[in-house]
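The values are calculated or read from the model by the stated rules, or taken from the named source; none is laboratory data. Because the structure is predicted, anything quoted here is derived from the model rather than measured. All Cβ positions, glycine included, derive from the backbone under ideal geometry; neighbour counts span all protein chains shown.
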Amino acid sequence: MDLDIRISFSVILTLLAIALIICAVKSFKTHKKIGTAVALLDLAILPPLIGNLMIIGASIEVRALIGYYIFNIGMDIALMSLINFTNVYCRGIGDGSRQPTVMYILLGANLLQELINSLSGRAFDLEAVAVQGRDYFRLIPHFWQQLHRIVDYFVFFCVIIMFIIASARTSKLFREKYTVLLGVMLFVGVWQTFYVFSRTPVDRSMIGYGVFGLLVFYFSLFHRPMRLLDRILSGIVSNMKEAMFVHETTGRCIWANEQGLKLTGTDLKNIEKANERLTEIFGQKEYIKEGWSEERVLGRGENEKYYTIEHRPINDDRKNIAGSLLIIRDTTEERLEIKREIYNSTHDSLTGLYTRQYLYKCIDNRLKLDPDTEYSAIFIDVKDFKIVNDIFSTDFGDAALKAIAGWIAEDMNEKCVYGRLAGDTFGVFMPSEQFNADKARIERELSGFAVNYGGAQHHLVIHLGVYEVDERDIDVSVMFDRAHLALRTISDDYSNYIAYYDKKLRDKVLWEQRITADLREAIDTMQIRPYLQPIADREGKVAGAEALARWIHPEHGFMPPAMFIPVFEKNGMITEVDKHMWRCACKILKDWADKGKEGFISVNISPKDFYFIDVFSEIKGLVEEYGIDPVKLRIEITETVMMNDQDERMKILERFKAHGFIVEMDDFGSGYSSLNLLKEMPVDVLKIDMRFLSSSGDMERAKTIVKNIIRLSEELNIESLTEGVETQKQYSALSEMGCRLFQGYYFAKPMPREEFEKFAF
């Protein structure tokens, strides 16, 4: 072997060694298990390469001997690293649980004996061989060296078997990563064997070792199975919902996925016709160079279809155009779904009218777009709709609401906005001139509005509250609140159907809001206080009093009960007033008892009290708190208390009786069920209203009825009390009839406590 060959071979091995070092460093930096295995293998190949470099360049025997030592020991280290790499690289072909421990032990023992025998000189000898006029030191193996080779070949054979198994068991798409390395190993193995048995002076197979290390680096960390990727990507693209077309630089279509073929009615055999079909469907377009996108709508009505079209140029590594990709997406379902969602969010599911929120939004827009038109907000309410549902079923109720919605929509134009506010209420916003012009027709239609459903027919009473918008800047909800307030004026009127909101009604609402806001302070500061109206016996002596609420307002002065009691009855705040009056009465009775004064006080209980508080516990607690005799605090109720939950109310009155309270029925004779209730109600006193006499056209018949009521009360052992007595004549007549107690202006008007005490005691 001449000098040039030695130098060339040395250069090749040196370059391979440098390349392996670079690959090892990069592999370590990946911080992956396979990266570590690759780095160790590439580094382990370096000792055999370095040993061969020393052997090739050796001019003396000692240097060659050291080279052979490094080579032999390096082969065992390289095989250990190869076993480790194979275990990681081929993992997944088996159960992955067995470690190649036996291989490591075998190679370790082989490495140890190689070290021992090499130092003792029993492994091999060297002989000088003249090669083209220069000595080359060739290895002469002994027994231990032969054993060393046998072990190395055995381990190498096992690695080959593992790669064969991996190649056989894996998918064809992944087989390339095993077969290439397997082929290289077989080639290197054959090359190495040829060197051993041919006795050629130089081991050229080491070039194969270096190449193998480089291929391991590439296939382990960078190789991608292109056939697999092509198949996966092709499958993904083919199954995509979008139609995709690939064009070459001339604009000719060369490929389309399944959706693209379906859209254009072509197949891969005549794919070039795809552009013609695309032009017919979407118009002429340029399918190269610039990128673009657009939205297209095709067809009308039920056949309307929506498409998103996107064109993307494809560039090569040098940024030159290599073709283009056309993506066509059918967005019809998405658009329709969005339309459905928008419709459902803005329209009532039952009637199809606008929802309240969307109605308000549309009205805001209408006011901004049309500032010159005068509008009216109309609140539409169905009277007693709950009864319709209870009697005729909810299905009938739903049909009724649909019928009302249809009636509302009949004569609306583009300036009208309407929707369902909630439950059985609707809202309409329309030009005032248009509504006033249609008012007579609307009233006529409402007077005969009936619903037919399921064989049943029912006439609906529908009321319209109208607010003629004079403040355009207020919230739309306030406009409909005002229209709703207008219905108060016709709430129990079945002959009127339309009511207007006006300043008088507004002032009334503001008044109610103002005095409601003042109530708590009025109670705390005793602005609201009890006025006592005397109750006299047959001799004209004061026996007790009825506590009546009066409000001495710091701004409005003396306020009679008609100015505030109905307001609090309506909003439920009457309970606070009543509790205050009960406490005041108990305080007065306590003071009277302490001063040795006799007398009772009657306190009123509103029907609303039973809904919000435990009336019995509240009054019983006050009596116990002030330590007064329950008989002194009389409980006064009206027959309207018994209109709801009659059985429960009876039990409450019986509890009052059982604890020593006297129960009075107020306004007896003014209702329709008094006699029926009288036989059941545990009352002690009947308060007969004198209005019964004054409102009668036939006084004699009225007197006869009163006389018999008094007699009936006596037979039932119930005390009679006539209120509203204003004249001596009335007082005398009632006394002759047998009435025992009297109350009215004839004796005295309601008065403050101080005046009453001067009057009575």
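Could you go through region 286-298 and let me know if any residue there is in a strand (DSSP E or B) and closer than 19 Å to Gly323 by Cβ.
Let us first name the residues in region 286-298 that are in a strand (DSSP E or B), namely 292-298.
Then drop every residue that is not closer than 19 Å to Gly323 by Cβ, which leaves 292-293.
Looking for residues that are in a strand (DSSP E or B) and closer than 19 Å to Gly323 by Cβ, one finds at least one in region 286-298, hence yes.
Annotation for region 302-316: no member residue is assigned to a helix (DSSP H, G or I) and assigned by TED's automatic domain parsing to the domain that holds Val469. All conditions but one from (1) at pLDDT 80 or above; (2) surrounded by fewer than 16 Cβ atoms within 10 Å (Cβ to Cβ); (3) of a type in the set (Gly, Ala, Ser) apply to Ser238; the one that does not is (1).
Apart from one condition, Ile552 fits all of (1) more than 43 Å from the chain's Cα centre (by Cα); (2) not in a loop (DSSP other than H, G, I, E, B); (3) not assigned by TED's automatic domain parsing to the domain that holds Lys729; the exception is (3).
From the list Arg227, Arg231, Arg296, which one is surrounded by 11 or more Cβ atoms within 10 Å (Cβ to Cβ) and at pLDDT 80 or above? Give the derivation first.
Numbers: Arg227 fails: at pLDDT 80 or above; Arg231 fails: at pLDDT 80 or above.
Sole residue among the options that is surrounded by 11 or more Cβ atoms within 10 Å (Cβ to Cβ) and at pLDDT 80 or above: Arg296.
Checking Asp470 against (1) in contact (Cβ under 8 Å) with a residue 60 or more places away in the chain; (2) more than 18 Å from Ala409 (Cα to Cα); (3) under 40 Å from the mean Cα position of the chain (by Cα), which test does it fail? With respect to (1) in contact (Cβ under 8 Å) with a residue 60 or more places away in the chain; (2) more than 18 Å from Ala409 (Cα to Cα); (3) under 40 Å from the mean Cα position of the chain (by Cα), Asp470 is out only on (1).
Identification of strands (runs of 3 or more DSSP E) wholly contained in region 404-506 with 1 or more residues that are surrounded by fewer than 16 Cβ atoms within 10 Å (Cβ to Cβ) and of a type outside the set (Val, Ile, Thr) yields 417-422, 450-453, 456-459, 498-500.
Checking each residue in region 328-381 for being over 26 Å from the mean Cα position of the chain (by Cα), touching a residue at least 12 places away in the same chain (Cβ under 8 Å) and assigned to a helix (DSSP H, G or I) picks out Thr332, Ile363, Asp364, Arg366, Leu367. Taken over region 607-632, the criterion of being among the β-branched types (Val, Ile, Thr), assigned to a helix (DSSP H, G or I) and surrounded by 15 or more Cβ atoms within 10 Å (Cβ to Cβ) is satisfied by Val615, Ile619, Val623. All conditions in (1) buried (at least 17 other Cβ atoms within 10 Å of the Cβ); (2) assigned by TED's automatic domain parsing to the domain that holds Ala399 hold for Ile328, with the sole exception of (2). Residues of region 243-287 that are of a type in the set (Val, Ile, Thr), within 46 Å of the chain's Cα centre (by Cα) and farther than 17 Å from Arg329 by Cβ: Thr266, Thr279. Residue pairs whose Cβ atoms lie under 9 Å apart, sitting 6 or more positions apart in sequence or on different chains, and linking a residue in region 140-154 that is closer than 17 Å to Glu127 by Cβ to a partner that is polar (S, T, N, Q) and outside any strand (DSSP E or B), are His142/Asn117; Gln145/Asn72; Gln145/Asn117; Gln145/Ser118.
Return a yes/no flag: does region 574-595 have any residue that is touching a helix residue (DSSP H, G or I) at 6+ places or on another chain (Cβ under 8 Å) and outside any helix (DSSP H, G or I). So far as region 574-595 goes, no, none of its residues is touching a helix residue (DSSP H, G or I) at 6+ places or on another chain (Cβ under 8 Å) and outside any helix (DSSP H, G or I).
Just to verify a result, which residue in region 719-742, among those that are surrounded by 13 or more Cβ atoms within 10 Å (Cβ to Cβ) and hydroxyl-bearing (Ser, Thr, Tyr), is farthest from the chain's Cα centre (by Cα)?
It comes out as Ser735.
Filtering region 316-339 to residues that are modelled with pLDDT under 80 and among the basic types (Lys, Arg) leaves Arg318, Lys319. The set of residues in region 149-168 being of a type outside the set (Phe, Trp, Tyr) and farther than 15 Å from Ala109 by Cβ consists of Cys158, Val159, Ile160, Ile161, Met162, Ile164, Ile165, Ala166, Ser167, Ala168. When Ser713 is evaluated against the numbered criteria (1) modelled with pLDDT of 85 or more; (2) not in a helix (DSSP H, G or I), which criterion, by number, is the only one it fails? Condition not satisfied by Ser713: (2). The test for being surrounded by 11 or more Cβ atoms within 10 Å (Cβ to Cβ), out of contact with any Pro (no Cβ under 9 Å at 6 or more places or on another chain), polar (S, T, N, Q) and modelled with pLDDT of 90 or more holds for Thr346. So which of Thr279, Thr250, Thr264 ends up being modelled with pLDDT under 85 and β-branched (Val, Ile, Thr)? The match here is Thr250.
Within the set Phe429, Phe379, Phe396, the sole residue that is assigned by TED's automatic domain parsing to the domain that holds Asp481, within 21 Å of Asn452 (Cα to Cα), at pLDDT 90 or above and in contact with a helix residue (DSSP H, G or I) (Cβ under 8 Å, 6 or more places away or on another chain) turns out to be Phe396. Leu653 fulfils the conditions (1) buried (at least 20 other Cβ atoms within 10 Å of the Cβ); (2) touching a helix residue (DSSP H, G or I) at 6+ places or on another chain (Cβ under 6 Å) except for a single criterion, (2).
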